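Here is the structure we will look at, set down as structure tokens.
The values are calculated or read from the model by the stated rules, or taken from the named source; none is laboratory data. Here the structure is a predicted model, which is why all the values come from computation and not from measurement. FYI the Cβ positions are ideal-geometry reconstructions off the backbone, even for glycines, and counts take in every protein chain you see. Surface accessibility is based on the protein's heavy atoms, side chains included, excluding ligands, DNA and RNA. Shrake-Rupley method; radii C 1.70, N 1.55, O 1.52, S 1.80 Å.
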Amino acid sequence: MSHFNFKSFTFYGLAIGFVVLLFKVVTTYGHNLKAPPPIQGRYRIIAQNLPKCLASDELLLNIQQSGIYLNGSLLTADKNVESSNVTSASQTSVQEKPSLFGLWQNQQFTLSGTTNKFISCERKINVTIQAFVKGETLNGKITLTSAAQPIEFTAQREATERDKEKSSSH
């Protein structure tokens, strides 16, 4: 009686061959697979020509990231508090569910959704944000239902408490 079965030998040979081929493909093309750089954080928006209901507010864009998928919230900040401090308004708003959703690709992203977090605005606002990321700075356009044309903006990422602790420990 022979211990070699032709069907089993063929099956295992093909399985090993497939694994070797798959390994070769992954090692050849795997170097192109890179995680997107982190852009998660809170950005203070500087914009001109905001609609009247937002003109008196200082805006913050809070971005949460999971790979190329982004969630965000457009918030208001208290002008009397320095930009390095976390305001009570942004503390409570950051804890809420994000209302903007989008994708991050090729150093730019798009977030869109509806927000009603602005007390000075009477109704919900449809928001679309398209921005180009360069280091800690965003440059882009905000499109609001209450504005006739897109509003150009720049935003600077605010340092978090963790960033401050890291810089003070070095």
Accessible area of residue 141 in the full protein assembly, 1.4 Å probe (Å², nearest 10): 90 Å²
Residue-by-residue Karplus 3J(HN,Hα) for region 40-47, coefficients 6.51, -1.76, 1.60, Hz, glycine and proline x: 4, x, 10, 10, 8, 8, 10, 9
Efficiency of FRET between residue 134 and residue 26 - r from beta-carbon atoms, R0 25 angstrom, step 0.05: 0.20
Residue-by-residue Karplus 3J(HN,Hα) for region 126-133, coefficients 6.51, -1.76, 1.60, Hz, glycine and proline x: 7, 10, 10, 10, 10, 9, 9, 9
Solvent-accessible heavy-atom area per residue, rounded to whole Å², over region 12-72 at 1.4 Å: 69 Å²
Charge tally in the Cβ shell below 12 Å around residue 130, where Lys, Arg are +1 and Asp, Glu are -1, residue 130 excluded: 0
Full-extension gain in nm, residue 66 to residue 141, via 0.36 nm per residue minus C-alpha separation: 24.7 nm
